Amino acid sequence: MNTNFQAQHLFNSSSTDRRLGVLAKHIDPTSSMANTDHSSSTAIISASPTSHPAGGSVFSHVVQAPEDPILGVTVAYNKDPSPVKLNLGVGAYRTEEGKPLVLNVVRHAEQQLVNDRSRVKEYLPIVGLADFNKLSAKLILGADSPAIRENRVTTVQCLSGTGSLRVGGEFLARHYHERSIYIPLPTWGNHPKVFTLAGLSVKTYRYYDPKTRGLDFQGLLEDLGSAPSGAVVLLHACAHNPTGVDPTPQQWEQIRQLMRSKALLPFFDSAYQGFASGSLDTDAQSVRMFVADGGECLVAQSYAKNMGLYGERVGALSIVCRAADVASRVESQLKLVIRPMYSNPPIHGASIVATILKDRNLFHEWTIELKAMAERIISMRKQLFDALRTRGTPGDWSHIIKQIGMFTFTGLNKEQVAFMTKEYHIYMTSDGRISMAGLSSRTVPHLADAIHAAVTRFS
Ligand code: PLA
């Protein structure tokens, strides 16, 4: 192993500062992707320890960091005593009653696990639960995937979607020849931080056009077309966060052809399989298209949203390789990434998922509950759209019903968002993203009133 690499990791305070420096340079504070992240990284970098700590603490130089742009919204919401407050920040599913949901199928699986006295709490292997890994690969790649049949896929259980992205990023930084990763603009706010700290160099490609509130397909093709050959490209498998705008199947095919012709390496983030269309297979089409051509790719899967296992932190990283012997060597190196990071993953959530995926009846029950969640979100889109139309709210709001997945990228600006939070106690990210999964028929009128007031006041 490369000794520079080891040194960098063992003495990681300086390497962390260096990487955050890179991050600060890459984040454009005017883009919605950046939110308030720019100030947080600058604050960390500017802090320097003094040799004579004031107040007697060796940590007295540590500056207060800002809250996370997404999870910090929940922190602010929790502090608000208003009875009408509404949290549309984090993408977490709520019922019509506004309550978090544990799927019935998850309760059934947990019951089976509790009743099975042969189950123990031993450490899992470094790569996690074998059944879970096999079934996760099948779920995303398809049960009849030739890549699985030919043993060209290695799958490791990771800490939900975020952990899978991070492990994949670190693997690439150690073993892949090209360090640049292109992420869409905008994207999930954690992507640039995850990949920068993994040791990759983050670049962006055009994705969303605020004028059309749709895909900037021309811009996307131009930016990927001018990326260096071999660069990694982060693609949202479906239900793009935060825009809710996905390429059509024909556009995916063009993206695939362009990427393969330039040997760009796809890294799929699949955090919403089943949440976009209500169908697990339909939502996996983009990934399957890239695997069907025999080429290589990475896929990070999360069970947070589609099984409602948010806090269980269950996910998987699959690396599809050209040959079985390569996949097996790749897996041996993934173990070297994981072991010093968290040793091995937790057992409970992965056991729930494996129990559901391997039992025909439970699997069927899951697909029905998943479809019901997706449909409730779609009905919230319709209700919000109708409520704004009824109020005669200025502007074209058809994007609310056109966008896909958990979020609506409303187009509301920072000022309007701040107004809605202050006057209506509605919490959302400052880029104007709202989690449709947090809405209910009861709360739609309140949100529509707030949007109407914000738009008419600040237009
Ligand atoms: N990838 C994308 C595109 C996501 O939107 C999220 C979660 C993840 C990965 C990570 O999910 P996991 O680690 O929990 O599996 N995004 C949420 C939550 C739902 C968050 O920010 O952590 C969001 O509100 O954007």
Mind listing whichever residues of region 185-199 are more than 10 Å from the ligand (Cβ to nearest atom) and out of contact with any helix residue (DSSP H, G or I) (no Cβ under 7 Å at 6 or more places or on another chain)? L185, P186
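On the given criteria, is E222 more than 16 Å from the ligand (Cβ to nearest atom) and modelled with pLDDT of 95 or more?
yes
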Among the numbered criteria (1) surrounded by 18 or more Cβ atoms within 10 Å (Cβ to Cβ); (2) closer than 17 Å to G189 by Cβ; (3) out of contact with any Gly (no Cβ under 6 Å at 6 or more places or on another chain), which single criterion is violated by G438? (2)
Quick one: which residue in G128, G98 is small (G, A, S), surrounded by fewer than 22 Cβ atoms within 10 Å (Cβ to Cβ) and at positive phi? G98
When the residues of region 223-240 are narrowed to those that are open to solvent by 10 Å² or more (accessible area, probe 1.4 Å) and farther than 20 Å from R288 by Cα, which ends up nearest to the chain's Cα centre (by Cα)? D223
Here the residues within region 383-402 that are farther than 28 Å from A372 by Cα and open to solvent by less than 50 Å² (accessible area, probe 1.4 Å) are T393
Top-ranked residue of region 299-332 - restricted to ones that are assigned to a helix (DSSP H, G or I) and of a type in the set (S, T, N, Q), ranked as farthest from the ligand (Cβ to nearest atom): S328
Expected single match for open to solvent by less than 10 Å² (accessible area, probe 1.4 Å), touching a residue at least 60 places away in the same chain (Cβ under 8 Å), touching a helix residue (DSSP H, G or I) at 6+ places or on another chain (Cβ under 6 Å) and farther than 25 Å from F407 by Cβ among V202, V156 is V156
Looking only at region 412-425, how many residues end up being in contact (Cβ under 8 Å) with a residue 24 or more places away in the chain and over 23 Å from the mean Cα position of the chain (by Cα)? 8
Please report, ordered by residue number, the helices (runs of 4 or more DSSP H) entirely within region 115-228 with at least 3 residues that are farther than 27 Å from E312 by Cβ and out of contact with any His (no Cβ under 9 Å at 6 or more places or on another chain). 146-149, 160-175, 217-225
Please give the number of the condition G405 fails out of (1) within 16 Å of the ligand (Cβ to nearest atom); (2) open to solvent by 20 Å² or more (accessible area, probe 1.4 Å); (3) modelled with pLDDT under 95. (2)
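The values are calculated or read from the model by the stated rules, or taken from the named source; none is laboratory data. Just so it is clear, the structure is predicted and the values come from calculations on it, not from any experiment. Glycine also receives a Cβ, built like all others from the backbone with ideal geometry; neighbour counts cover every protein chain displayed. Keep in mind that these areas ignore ligands, DNA and RNA; they rest on the heavy atoms of the full protein, side chains included. Shrake-Rupley method; radii C 1.70, N 1.55, O 1.52, S 1.80 Å.
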